[in-house]
Amino acid sequence: MPNVLNLAPECHAENYSEVPVITSPYDLTPDEVLLSQEHYESEVRSYPRRLPIAIKSGRGAIIEDTKGQVYLDCLACAGALPLGYNHSEINQVLINQINTGVPYQTLDLTTPSKDAFIKAVMQFLPANFAKTARIQFCGPSGADAVEASIKLAKLYTKRNTMMSFQGAYHGMTNGALALTGNLGSKSRRTGLMSDVHFMPFPYDFRCKFGLGGEEGAKQSIRYIESVLCDDESGITKPAAIIVEPIQGEGGVIPAPKKWLQELRRITTEHGILLIFDEVQCGIGRSGDHFAFEESGIEPDILILSKAIGGGMPMSVILYNDKFDCWNAGEHTGTFRGNQLAMASGAKTLEIIQRDNLAKNAAERGEQLREALRQIQTDFPQIGDVRGRGLMNGIEIVKPGEFNSLGQAEADPQLAIKIQRAALELGLIIEKGGRQGAVLRFLPPLIISEVQINFVAETMAKAIAIAIAVDAK
């Protein structure tokens, strides 16, 4: 692979410390492949507008585009590639699966591969949760698993109201989008699922109560509890409260463990199902197998997708068997029997455990946050550094400028420039959060210490370049 420095050839083949070697900023002028995409593909395409590259090949955390330019990827297909690109063991297990002669799809008919996958998932779960867990296979997207969770909660409780959180992202289908906080994604939609209410999520940097920290989190819980206890609140008792233990698209905001514990207490006392959406933050990314584990509690329903398929399309929900009130066929999907995803998913869970990749996520995440905090001392444009495990973000602001609530003014335009400058320097990062002013880091769990150093060094350069461009 050109333009790559192999700094540790003795390392495990899937954890080598390759970083791009950049002699001058990359040319991001669209080539023939990108121009063809623009010509044929719908205006709904999203990532190519911010990341104008055409991927030719990839290995680990490194990808090469059709121009031969090499990048370190801190997006990992929005977290769907926990082991990075073309992990040799995943490639081999897919080849082996094809050679068994098992069909690619089997609806919900079982196979040895499916049985092995289910047992791998149960072994990966916290032991107590696994004791009574039932698994349900959904269509291959996280959004369909969210839809299944909504239906199940409403069937079990015989209630219709749902509670979600400001800043939440749960998907793009009808019910999932109704539970999503972002207004832009639903500004032109009508007829979304009704009777959804949004509660304040604990967000230190932009606390709804002007407090932040532990006090802000306490007020969030107090507000939720007061709504549920108030017979004049205007909100009927919900079937479920759905929450991301670490908000992703909303700006990389981890929920404090005490806050999650209190949310569990409230939902239990009021007979409300608690749904954890770990589509993005689950499967080792948080530094634990699941982000909820840090709090010592358990959800009633757990939603998994992205990484659970080991790079292949897959989504499941898991719940206590007492909630299993479905009639046969009440939630179906043609592609819920993806045998390739079951094979790659089971192997991925095995590798994450065998290679202690959750621990690597915790250590490399802390390394990255510490490096970003050091960069923050030189650039007041970084208003906040936050995250957990390998799910991290920096919020870009206008120094010395504040909104009507006294909060730092977001600078989405500078965030765009930084993302572009980083790409020109061989680093792929994503945007999100309020006004798109949060730069997000979601690399594969196999990322190395040397590669994290490259991320930090490149970000410092990209921020300096973007600020200089902004000043012109």
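Could you tell me the convex hull volume per residue, in Å³, taken over the Cα atoms of the stretch 83-190?
Roughly 186 Å³ of hull volume per residue.
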The stretch 28-134 - convex hull of alpha carbons, volume per residue in Å³: 186
task: Sorted from largest down, give the three principal axis spans of the alpha carbons of the stretch 355-472, whole angstrom values.
output: 47, 31, 22
- request: Calculate the radius of gyration of the Cα atoms of the stretch 162-223 to one decimal place, then report Dmax, the largest Cα-Cα distance, as a whole number, both in Å.
  value: 13.1, 38
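If DNA, RNA and ligands are ignored and the probe is 1.4 Å, what is the ranking of 100, 66, 180 by accessible area, most exposed first? Walk me through the numbers before you get to the answer.
Values: 100 85, 66 60, 180 0 Å².
The most accessible residue leads, giving 100, 66, 180.
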- prompt: Hey, with R₀ at 30 Å, roughly what FRET efficiency would residue 43 and residue 66 work out to, going by the Cβ-Cβ distance, to 0.05?
  reply: 0.85
field: Helical segments meeting 15 Å axial Cα length and Kyte-Doolittle 0.0 threshold in the chain (DSSP H)
entry: 112-124, 142-157, 339-354, 412-424, 449-471
statement: In the neighbourhood of residue 64 defined by beta carbon distances under 15 Å, the net charge of the other residues (Lys, Arg +1; Asp, Glu -1) is -2
- prompt: So what's the convex hull volume per residue for the Cα atoms of the stretch 112-268, in Å³?
  reply: 143
query: Considering the Cα trace of the stretch 314-377, what is its radius of gyration and what is Dmax, both in angstroms?
result: 19.3, 58
query: Ranked highest first by average number of other Cβ atoms within 10 Å, how do 91-97, 462-468, 322-328 line up?
result: 462-468, 91-97, 322-328
field: Which of 433, 81, 130, positive extreme of dipole for the chain (C-beta unit charges)
entry: 130
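Evaluate Rg over Rh across the stretch 16-55, taking Cα atoms for both radii and Kirkwood's formula for Rh.
Numbers: Rg = 13.1 Å, Rh = 12.1 Å.
Result: Rg/Rh = 1.09.
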- prompt: Which of the following values of Kirkwood radius over Cα pairs in Å was calculated from the structure shown: (i) 23.7; (ii) 23.0; (iii) 27.2?
  reply: (ii)
field: Relative contact order of the chain, defined on C-alpha pairs under 8 angstrom at six or more residues apart (%)
entry: 21
query: Can you give the direction-averaged projected area of the convex hull of the alpha-carbon atoms in the stretch 235-304, in nm²?
result: 4.7
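When Lys and Arg each count +1 and Asp and Glu each count -1, what net charge do the other residues less than 15 Å away from residue 117, Cβ to Cβ, add up to?
So the surrounding residues net to +2.
Provide the per residue accessible area, probe 1.4 Å, for the chain, rounded to a whole number of square angstrom.
Numbers: 19860 Å² over 472 residues.
For the chain, the per-residue accessible area is 42 Å².
Heavy atoms only, probe 1.4 angstrom, no DNA, RNA or ligands counted: give me 122, 342 ranked by accessible area, highest first.
Final ranking, largest accessible area leading: 122, 342.
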message: Please give the Cα centre distance for the stretch 275-300 versus the stretch 426-440, rounded to the nearest Å.
response: 23
field: Rg/Rh (Cα only; Kirkwood hydrodynamic radius) as it applies to the stretch 418-472
entry: 1.00
task: Lys and Arg at +1, Asp and Glu at -1: add these up for the other residues within a Cβ distance under 15 Å of residue 161 and post the number.
output: +2
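Order these peptides, 238-246, 159-167, by their mean beta-carbon neighbour count within 10 angstrom, highest first.
Details: 238-246: 25.8, 159-167: 21.6.
Order by mean packing, descending: 238-246, 159-167.
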- request: Provide the solvent-accessible area of residue 132, counting protein heavy atoms only and rolling a 1.4 Å probe, rounded to the nearest 10 Å².
  value: 50
- line: About its Cα centre, the stretch 379-472 carries a charge dipole, from +1 on Lys and Arg Cβ atoms and -1 on Asp and Glu Cβ atoms, whose size in debye to the nearest 20 is 140
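Mind putting a number on the dipole of the stretch 24-130 about its Cα centre? Charges go on the C-beta only, +1 for Lys and Arg and -1 for Asp and Glu, and I need it in Debye to the nearest 20. Write down the numbers at each step before the final one.
Details: 8 positive and 12 negative charges, 69 e Å.
Computed about the Cα centre, the dipole is about 340 debye.
Full extension from residue 401 to residue 370: what is 0.36 nm times the residue separation minus their Cα-Cα distance, to one decimal in nm? Write down the numbers at each step before the final one.
Working: separation 31, 0.36 × 31 = 11.16 nm, distance 2.54 nm.
Full-extension gain reported as 8.6 nm.
What is the magnitude of the charge dipole of the chain about its Cα centre, with +1 placed on the Cβ of each Lys and Arg, -1 on the Cβ of each Asp and Glu, and no other charges, expressed in debye to the nearest 20? Don't skip to the end; give the middle numbers.
Working: 46 positive and 55 negative charges, 130 e Å.
The dipole of the chain has a size of about 620 debye.
To the nearest µm²/s, what D does Stokes-Einstein give for the stretch 280-433 at 25 °C and 0.890 mPa s, using the Kirkwood radius over alpha carbon pairs as Rh? Mind dumping the intermediate values first?
On the way: Rh = 18.6 Å.
Calculated translational D: 132 µm²/s.
The values are calculated or read from the model by the stated rules, or taken from the named source; none is laboratory data. From a predicted model like this one, the values you see are computed outputs, not experimental measurements. Glycine also receives a Cβ, built like all others from the backbone with ideal geometry; neighbour counts cover every protein chain displayed. Heavy atoms of the whole protein, side chains included, go into the accessibility calculation; ligands, DNA and RNA do not. Shrake-Rupley method; radii C 1.70, N 1.55, O 1.52, S 1.80 Å.
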